[in-house]
Amino acid sequence: MMKTQIFFIALIFSISNFTFAQTDKEKALDLGRNAIKLMDEGELDKSIDLLEQAQKLDVERIDYPYEIAYAYYKKKDYAKSIKILNTITEHKDVTDNIYQLLGNAYDLTGNPEVALSTYKRGMVKFPNSGKFHLESGSIKFHNKEYNEAIDFWEDGIKVNPNYSSNYYRLSKVFSLTEERIWTLLYGEMFILLEPNTQRTEEISKLLFENYQESYEVQSDTTGEFHLTEKGFQIVIEDKKDMRKLKKGSGLPFEGTFATAFAFSAIDFQNNINLSTIYNARKNFLDFWFNEKKFHKDYPNKLLDHQLKIEENGFLETYTYWILSQGSPTDYQEWYANKEQNFSDFANWFNENRIEIKEKDFYSRKDY
């Protein structure tokens with residue numbers, strides 16, 4: 001199955017240096033701290049032993065049984081992990097991590113339907129968590145139910161638009177389709193939300209490759225863009241669809257975006273590299289916001305953020321950075337002459353991180 005890293009609960013250790021004897025809860029915290037250290041070092045049995053001692057000293061705290069269950073999960077003793085987790089799903093301090101780990105354990109024991117049911121329970125209890133949509137979509141994808149997987153992941157970004165992992169899955173799955181536009185949009189959103197991980201490097205390379213695959217040279221003077229197929233299919237089912245046709249170019253969002261990008265990427269005929277992609281993105285923003293004003297009919301949080309970056313003078317640096325893993329040699333040559341630019345951008349970026357709100361437009365489900 002497609003797995004996701006379990007971000008387990010971090011125990012909070014803030015024990016003061018008292019001169020008098022420790023309470024049982026303070027002793028438990030000391031044991032828990034040492035247990036987590038041992039778990040990180042791979043000493044799972046020793047970690048479990050300390051955690052069980054800590055649990056006896058502080059029976060009310062949910063961290064200890066959760067960490068014990070997580071240690072058994074890491075040992076691949078999923079049955080033991082499930083048994084423990086089921087004792088704390090109704091705990092007053094239960095978190096979405098507990099339902100996520102429980103569902104994953106069920107899935108790994110060959111019970112995907114029970115896992116899906118567990119994730120569904122989690123969705124009800126934690127309606128603003130995107131983790132259960134992520135895991136449910138992974139099961140559907142593993143079962144080759146690709147449309148169902150996409151639905152789960154896109155529902156996940158609607159309930160929690162600042163949770164990066166659903167964007168990660170979507171950017172990868174759309175790269176396998178003709179709807180590359182959503183790889184470009186979801187992938188860039190992912191990098192903005194998760195800018196410094198191994199997955200960031202993976203999606204950076206994927207974005208660059210999808211820009212390259214978006215254009216096919218046909219002759220010395222002509223070429224064809226391949227960003228979307230559905231975006232040029234106009235379906236009219238009710239009056240709502242009729243109202244959409246009166247907006248912008250008369251095309252769905254995807255078709256309007258693809259057409260605007262085709263007009264902007266005039267240099268793609270010669271070569272698709274970091275420089276020509278940057279020029280295309282700069283031309284696109286001017287075409288979208290200033291010349292055609294498509295943003296009024298098709299608002300989009302990512303495009304708004306790109307415009308903000310451009311207005312602050314960082315679009316070139318930003319574009320080279322998000323695509324750096326696709327063409328590392330070109331990026332390093334550029335960086336050698338732009339190190340100060342990148343430093344200025346990094347400072348600005350850290351103070352101007354994207355924050356997506358429920359009312360923002362950023363998903364296929366918004367159009």
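The values are calculated or read from the model by the stated rules, or taken from the named source; none is laboratory data. Being a predicted model, the structure only gives us computed values, none of them experimental. In this analysis, Cβ positions are derived from the backbone assuming ideal geometry, glycine residues included, and neighbour counts consider all displayed protein chains.
Observations
- Cβ-Cβ distances below 9 Å connect the following pairs, each with a first residue in the stretch 339-350 that is closer than 13 Å to GLY313 by Cβ, a second residue that is among the polar types (S, T, N, Q) and in a helix (DSSP H, G or I), and a separation of six or more residues or different chains: ASN341/THR317; PHE342/THR317; ASP344/THR317; PHE345/THR317.
- Check on ASN270, free of Cβ contacts under 8 Å to residues at least 60 places away in the same chain, closer than 19 Å to GLU194 by Cβ and either surrounded by 19 or more Cβ atoms within 10 Å (Cβ to Cβ) or not charged (D, E, K, R) (or both): no
- Scanning the stretch 281-295 for residues that are free of Cβ contacts under 8 Å to residues at least 40 places away in the same chain and in a helix (DSSP H, G or I) yields ARG281, LYS282, ASN283, PHE284, LEU285, ASP286, PHE287, TRP288, PHE289, ASN290, GLU291, HIS295.
Let's see how each residue does on (1) closer than 15 Å to LYS365 by Cβ; (2) touching an Asp or Glu at 6+ places or on another chain (Cβ under 7 Å):
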| residue | (1), (2) |
| --- | --- |
| GLU148 | yes, no |
| GLU154 | yes, no |
| SER165 | no, no |
| SER171 | no, no |
| PHE174 | yes, no |
| THR177 | no, no |
| ILE181 | yes, yes |
| ASN196 | no, no |
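- Single condition MET39 does not satisfy, out of (1) modelled with pLDDT of 95 or more; (2) over 28 Å from ASP107 (Cβ atoms): (2)
- Identification of helices (runs of 4 or more DSSP H) wholly contained in the stretch 112-193 with 1 or more residues that are under 16 Å from the mean Cα position of the chain (by Cα) yields 131-142, 146-159, 164-174, 180-193.
- Every residue from the stretch 52-68 that is out of contact with any His (no Cβ under 8 Å at 6 or more places or on another chain) and outside any helix (DSSP H, G or I): ASP58, VAL59, GLU60, ARG61
- Filtered by the rule that a residue be part of a loop (DSSP other than H, G, I, E, B), closer than 22 Å to GLU202 by Cβ and not polar (S, T, N, Q), the stretch 317-367 gives LEU323, ARG353, ILE354, ILE356, TYR362.
- All positions within the stretch 307-330 that are touching a Leu at 6+ places or on another chain (Cβ under 7 Å) and either surrounded by fewer than 19 Cβ atoms within 10 Å (Cβ to Cβ) or in contact (Cβ under 8 Å) with a residue 60 or more places away in the chain (or both): LEU307, GLU310, ILE322, LEU323, GLY326, SER327, ASP330
- Looking only at residues of the stretch 32-61 that are within 18 Å of SER81 (Cα to Cα) and among the polar types (S, T, N, Q), we find that the one that is surrounded by the fewest Cβ atoms within 10 Å (Cβ to Cβ) is GLN53.
- When restricted to residues that are in contact with a Ser or Thr (Cβ under 9 Å, 6 or more places away or on another chain), at pLDDT 85 or above and either assigned to a loop (DSSP other than H, G, I, E, B) or not aromatic (Phe, Trp, Tyr) (or both), the stretch 220-265 contains 13.
- Condition check for LEU193: surrounded by 15 or more Cβ atoms within 10 Å (Cβ to Cβ) and closer than 19 Å to PHE268 by Cα: no
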